[in-house]
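What follows is a short report on a single structure.
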Amino acid sequence: MSAMPLSTSVVRVPKAGEMVAAQLRRQIVTGELREGDALPSETELMERFGVSRPTLREAFRILESEQVIQVRRGARGGGRVMMPDVSAAARYAGTLLQYRKATLADVHEARANLEVAAVATLARKRTAADLRALDDMLAKGEALLSDPPAFGKGYDLEFHRTLMQLAGNQTMIVLLDIVSTIIESHVENFLREHRGDTGAESKAAAAHRAHVKLVQLIRDKDAVKAETFWRKHLAQVKNFMIEDPEESVLDVLP
């Protein structure tokens, strides 16, 4: 009986430039290289990694595209470390969602699922410091009630981000930041189209009352009611913000 042939697959060997980029990236994310630090000269890096100048520059291009370094050309040029920024991930995610013809309703639903989970976690574990941060946010929102555009763009989205940050899950924070980038673009378009809306102040006041109620539920450590209330509130926000259920991400992102 003949032996069955072994399944084979092609193993891709990383290019030298990718390997150099991976080592430099690791130094950045572990803090060995900090934001603002200048990278060693090309000559020093070529000797350290045993690569040619074109290979090193390929590594630089990779890291530049990820926005973790900035490269200046010329005699006094060189690489400088940047803080990894969620905006780059948001752009890629936005492009993918545009390609998949995702609707804004779909994006708002994703935001709701992330936030509701965070709210429940925060209500269970909240600390005195968490409550102070939330009270500070409420005070900021109250001060902006007479300026609905500033309330909507400068405060409301920050309140949502604060909930996620205080819940403490770093992966969920990044995911919400990506989703919020798309929602922020939608909010800007919405505010521009509804500039001069006579009911804007009452709508801002209603949103602020919802924030106050949520913070009280978190203060009471009532995770079940906080979760239920916030899901209902976010559904109302989605229905208010989205006039056309078929409106796509393509319509709000450049």
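Just a few scattered comments:
- Residue count for the stretch 75-114 satisfying the condition of being assigned to a loop (DSSP other than H, G, I, E, B) and over 15 Å from the mean Cα position of the chain (by Cα): 7.
- Among residues of the stretch 24-64, those that are part of a helix (DSSP H, G or I), closer than 9 Å to Gly79 by Cβ, in contact with a strand residue (DSSP E or B) (Cβ under 7 Å, 6 or more places away or on another chain) and touching a residue at least 40 places away in the same chain (Cβ under 8 Å), counted: 1
- The residues listed here are Thr55, Thr30; of these, the one that is of a type in the set (S, T, N, Q) and modelled with pLDDT of 90 or more is Thr55.
- Applying the criterion of at least 1 residues that are touching a residue at least 60 places away in the same chain (Cβ under 8 Å) to the helices (runs of 4 or more DSSP H) found wholly in the stretch 118-206 leaves 128-143, 170-193.
- Residue match in the stretch 202-219 (condition: crowded, with 16+ Cβ neighbours inside 10 Å, in contact with a Lys or Arg (Cβ under 6 Å, 6 or more places away or on another chain) and not acidic (Asp, Glu)): yes
- Whichever residue in the stretch 162-201 is closer than 14 Å to Gly94 by Cβ and among the hydroxyl-bearing types (Ser, Thr, Tyr) and, among such residues, is least open to solvent (accessible area, probe 1.4 Å): Ser180
- Evaluation of Val107 against (1) modelled with pLDDT of 85 or more; (2) outside the structural domain of Leu175 (by the TED database) (one fails), failing number: (2)
- Checking Asp244 against (1) outside the structural domain of Arg126 (by the TED database); (2) in contact (Cβ under 8 Å) with a residue 24 or more places away in the chain, the condition it does not meet: (2)
- Residue within the stretch 46-61 that is of a type in the set (A, V, I, L, M) and closer than 23 Å to Tyr92 by Cβ present: yes
- Residue in the stretch 70-77 that is of a type in the set (A, V, I, L, M), touching a helix residue (DSSP H, G or I) at 6+ places or on another chain (Cβ under 6 Å) and buried (at least 16 other Cβ atoms within 10 Å of the Cβ) present: no
Residues are listed down the side, and each one gets a yes or a no for (1) in contact with a Lys or Arg (Cβ under 7 Å, 6 or more places away or on another chain); (2) of a type in the set (Ser, Thr, Tyr); (3) over 17 Å from Val224 (Cα atoms):
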position: Asn113; (1), (2), (3): no, no, no
position: Leu144; (1), (2), (3): no, no, yes
position: Lys153; (1), (2), (3): no, no, yes
position: Leu166; (1), (2), (3): no, no, yes
position: Thr171; (1), (2), (3): no, yes, yes
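- Condition met for Val68 (aliphatic (A, V, I, L, M) and within 19 Å of the chain's Cα centre (by Cα)): yes
- Pro54 meets the conditions (1) over 13 Å from Val81 (Cβ atoms); (2) open to solvent by less than 70 Å² (accessible area, probe 1.4 Å) in every case but one. The failed one is (2).
- Top-ranked residue in the stretch 224-245 [being assigned to a loop (DSSP other than H, G, I, E, B) and touching a helix residue (DSSP H, G or I) at 6+ places or on another chain (Cβ under 7 Å); ranked as least open to solvent (accessible area, probe 1.4 Å)]: Ile242
The values are calculated or read from the model by the stated rules, or taken from the named source; none is laboratory data. Small disclaimer: the values here were computed from a predicted structure and weren't measured. Neighbour counts run over all protein chains shown; Cβ positions are idealised from the backbone, glycine included. Ligands, DNA and RNA are excluded from the accessible area calculation, which covers all protein heavy atoms including side chains. Shrake-Rupley method; radii C 1.70, N 1.55, O 1.52, S 1.80 Å.
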